1. How would you classify the stretch 180-248 from its alpha-carbon gyration tensor, with a ≥ b ≥ c the square roots of the eigenvalues: rounded for a/c under 1.5, else prolate if a/b is greater than b/c, otherwise oblate?
2. Select from 208, 197, 97 the residue whose mean-square fluctuation is largest in a Gaussian network model of the chain (Cα-Cα springs shorter than 10 Å).
3. Calculate for the chain the 222 nm mean residue ellipticity that helices alone would give, adding -39,500 (n - 2.57) per DSSP H run of length 4 or more and normalising by residue count, nearest 500 deg cm²/dmol.
4. Going by Cα centres, the stretch 77-126 and the stretch 205-249 are how many Å apart?
5. When the label point is put 7 Å from the Cα of residue 113 along its Cα-to-beta-carbon vector, which residues of the stretch 160-194 have a backbone N closer than 17 Å?
6. Pairs of alpha-carbon atoms within less than 8 angstrom and 6+ residues apart define the contacts here; what relative contact order does the stretch 72-187 have, in percent?
7. In a GNM of the chain with a 10 Å cut-off on Cα contacts, which of 42, 225, 140 has the highest mean-square fluctuation?
8. Averaging sequence separations of C-alpha pairs under 8 Å and six or more residues apart, then dividing by the length of the chain, give the relative contact order as a whole percent.
């Protein structure tokens, strides 16, 4: 049965991780299309990534999480019948990424010396300020051969590859630590203790006419199921609700 997956962070660190994951996906996805029409999405995503990395200690958080993964992998290596090949592969990746992130002069600092991007970023920060007629330098860049434009975009993303790869690995371990469990609520409302949790993952069958509104923190969380409504936009669902829930720590 096809299901829609919803995720909700329960702390600011995971919130930043999920935000960055989506932004990286958006930027990378633009490379499949003509940059002349998808440039706005690409640069908005790229600049949002840079702002998030600059304003938060993303590198420090990822290093700490990679070190925790390393410790867990060492403990798991002592479990009988463990998949040694997969464990060793993940351990190598973890150690390599941790070492790269700890290195001096991160590659993404090169963005600050890119005069073209600095000028674009100032205009993209203005609502409606990224039109071609406001940015002749952008129009000139977009008029270059598509192969050259795409290569430049890939180069920019490559400067963030360490962050992207570490992020993917950390989120993979967060998501895989907990299995989904079947949950049923009679009233369309569910709440529980959130102590120690960092991420909620909810699966709802695609054919069911509701979606979850999630609120909470690391102490307690609640899930209220809503259904679309033509009059008010949405309304509370009070029917018996079946869904799957993974509580990630």
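Only the coordinates and a few stated rules stand behind these numbers; no lab work does. Quantities reported herein were computed from a predicted structural model and do not represent experimental measurements. Backbone-built Cβ (ideal geometry, glycine too); neighbour counts: all protein chains shown.
1. Numbers: a/c = 2.15, a/b = 1.62, b/c = 1.33.
Prolate is the answer for the stretch 180-248, as a/c is 1.5 or above and a/b outweighs b/c.
2. Among 208, 197, 97, the largest mean-square fluctuation in the Gaussian network model of the chain belongs to 208.
3. -16500 deg cm²/dmol
4. Computed from Cα coordinates, the inter-centre distance equals 34 Å.
5. So the set is 160.
6. Answer for the stretch 72-187 is 27 percent.
7. 140
8. Values: 301 pairs, mean separation 64.7, N = 249.
Once divided by the residue count of the chain, the mean separation gives 26 percent.
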